[in-house]
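Here the structure comes first, spelled out in structure tokens, and everything after it is commentary.
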Amino acid sequence: MSFFAYLQQILSLRHRHAMYALQSKKQWEAHLSSLAAQFLLGSGSWLILLILSFTTLSTYLEFVFSGHASPYLAFVYTPVMVLCLGFLVLRPRKVSGAVWYVEVIVLAHSCAVVGLVWVTQGQGVHFSGQISLSLVGACLFSYLKHFGWILARNLLWTIFYILPVWCVQDWLVNFHLEIVQGFILGTLGNYTIYRMRLMRFYDEEVDADEKKFLYHEMSKQLYPHQVEMIRSGAILEQTMPLGEGSAYVISWDVISSDSYEKESLKNMMVDIYSDFYHICMSGYSYHPLTSRAFRLKETGDGYIASVGFPCRSVDPQSAANQAVEVALEFLEVFKRTSKIHLGYRAYSAAGIGFGRVFGTFHLEGIKAYDLYGEALVLSARYESARKTMGIESFIRQQSGGKPCDILMIPESVYQQLHAVNQARFHEISLESLHITMRGDRLARSIYVCVGV
């Protein structure tokens with residue numbers, strides 16, 4: 001690459017870091033303001049105060065012992081020190097103007113140096129080091145968002161420093177190299193720092209965008225509290241309750257699902273699962289983990305949810321009633337949605353089982369959260385009990401021989417319901433029908449809600 005091509009690249013800043021900053025203009029400006037405020041509130045102001053204090057003292061002593069100028073001229077840097085102290089003391093909450101505050105400090109310092117040189121010209125005072133050092137500082141400290149602006153301001157500062165020197169021919173001969181060196185060193189240093197800021201901004205923003213994207217994708221697999229806990233440093237296995245608990249498990253299924261056209265059923269289930277999820281998530285909160293129900297599985301034409309574990313029920317004293325109400329809402333959603341998608345009424349069934357469950361993450365492969373235990377087995381048994389001879393006849397009799405929605409629960413759940421919910425169910429004596437429930441051999445009765 002030729003020198004002119006490289007210079008053009010510097011001036012146009014057509015590289016990915018600069019282009020990203022230009023595309024993210026507001027974020028880039030906020031980033032620079034934050035860096036400027038950190039500089040002023042941190043070591044930057046103290047460093048300026050230290051350097052100017054030493055310069056003031058050395059200049060004062062030089063004027064005292066040489067007698068070339070009034071010693072009080074050494075205090076010309078006082079306004080600059082006041083500006084730095086003012087920012088440290090006031091510590092403004094809004095840092096949007098910090099970039100221009102730095103420019104004001106540079107302006108005050110440059111005016112002090114140039115004014116001092118101008119006043120003392122012809123009095124035998126030599127500023128062999130201060131001019132070069134001051135110009136380096138003026139060209140170096142800037143937080144402007146475009147390097148083209150920085151280069152232009154540095155040229156202006158250089159011309160400003162030349163003015164008093166230009167009036168004294170001997171000084172121009174002696175100090176012209178110092179002025180050129182001050183401009184070059186300050187500008188190159190500023191460009192290096194500017195590129196470092198660009199790269200840091202790019203890395204931070206891209207990293208933030210990548211994290212945002214990852215968290216967004218994680219939210220498709222995890223609950224909001226899990227994403228927040230992982231963001232705070234927790235591992236996946238710490239985000240859900242593990243071990244044993246008691247739960248009411250709802251097993252819901254479409255009756256005669258194989259009789260429906262597959263594509264229509266698939267489209268219908270998308271809407272149904274979405275409604276089911278919102279039913280489960282109503283009342284969701286964390287600290288402690290609470291919701292109406294916990295979605296466990298979607299099974300193609302079925303759905304499994306739990307109440308009481310791993311999420312606490314909204315009303316812990318009435319978890320059984322909450323489970324029944326959620327199950328009834330499932331049946332109602334399917335009733336309403338099937339009419340929209342199929343054009344006619346379809347039917348579904350649900351069963352509720354109560355018992356112990358165990359929360360765990362899969363040990364191998366993708367570590368999805370899962371429940372297992374007797375409550376899941378019982379819910380499936382009670383949902384499918386509608387097909388048992390005797391129970392099926394009872395349901396047909398209660399519905400007048402017409403197809404209907406069905407909700408079946410064991411006696412252990414029925415006994416915990418409020419009277420209003422108990423009135424929805426009919427008792428079926430398993431003993432009179434000589435039926436034994438698989439997985440619940442001690443059950444003497446089963447309760448069914450027909451035609452929801």
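Each value in this text was obtained by applying a stated rule to the coordinates, not by laboratory testing. This one's a predicted model, so the numbers in the text were calculated from it and none came from an experiment. Note: ideal-geometry Cβ built from the backbone for every residue, glycine included; neighbour counts use all protein chains shown.
Numbers at a glance
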| item | result |
| --- | --- |
| Assigned charges on the beta-carbon of Lys, Arg, Asp, Glu; region 345-452 dipole about Cα centre (debye) | 240 debye |
| Modelled label reach - Ser246, point 7 Å along Cα→Cβ, region 303-333 residues with backbone N closer than 19 Å | 306-325 |
| Given charges at beta-carbon only (K, R positive; D, E negative), |dipole| of the chain in Debye | 520 debye |
| Cleavage-rule hits (GluC sites (Glu not before Pro)) in region 361-396: DSSP loop, at most 11 neighbouring Cβ within 10 angstrom | Glu364 |
| Highest-first arrangement of 435-445, 400-410, where packing means the average Cβ count within 10 Å | 400-410, 435-445 |
| Amide H within-cut-off set for Arg356, under 5 Å, with H built and near neighbours excluded | Glu374, Ala375 |
| Longest exposed-site-free window of the chain, the sites being chymotrypsin sites (Phe, Trp or Tyr not before Pro) in a DSSP loop that have at most 16 other C-beta atoms within 10 Å | 1-285 |
| 20 Å Cα-Cα threshold exceeded, pairs from Lys335/Lys402; Lys297/Lys387; Lys262/Lys367; Lys220/Lys367; Lys26/Lys145; Lys266/Lys367 | Lys297/Lys387; Lys262/Lys367; Lys266/Lys367 |
| Listed residues Ser445, Ser285, Gly300: farthest to the positive end of the dipole of region 236-450 (Cβ charges) | Ser445 |
| GluC sites (Glu not before Pro) within region 235-343: DSSP coil, no more than 11 neighbouring Cβ in 10 Å | Glu261 |
| Relative counts (whole %) of C-alpha pair distances in region 236-450, using bins that are 10 Å wide | 8, 34, 36, 19, 3, 0 |
| DSSP beta bridge pairing in region 296-452, given as percent antiparallel to the nearest 5 | 85 percent |
| Nearest-20 debye value, region 226-384 charge dipole, Cβ charges on Lys, Arg, Asp, Glu | 180 debye |
| Karplus-derived 3J(HN,Hα), 6.51/-1.76/1.60, for each residue of region 219-224, Hz, glycine and proline x | 5, 6, 10, 10, 6, x |
| Share, in percent, of DSSP beta bridges within the chain that are antiparallel, nearest 5 | 90 percent |
| q = 0.06 Å⁻¹, the chain: log10 I(q)/I(0) [Debye, one scatterer per Cα] | -0.54 |
| Degrees separating the helix 147-166 axis from the principal Cα axis of the chain, which is the longest one | 20 degrees |
| Angstrom value of the Kirkwood radius, inverse mean 1/r, which spans all Cα pairs in region 328-409 | 15.0 Å |
| Positive-end extreme of charge dipole, the chain - chosen from Phe63, Ala385, Trp118 (charges on Cβ) | Trp118 |
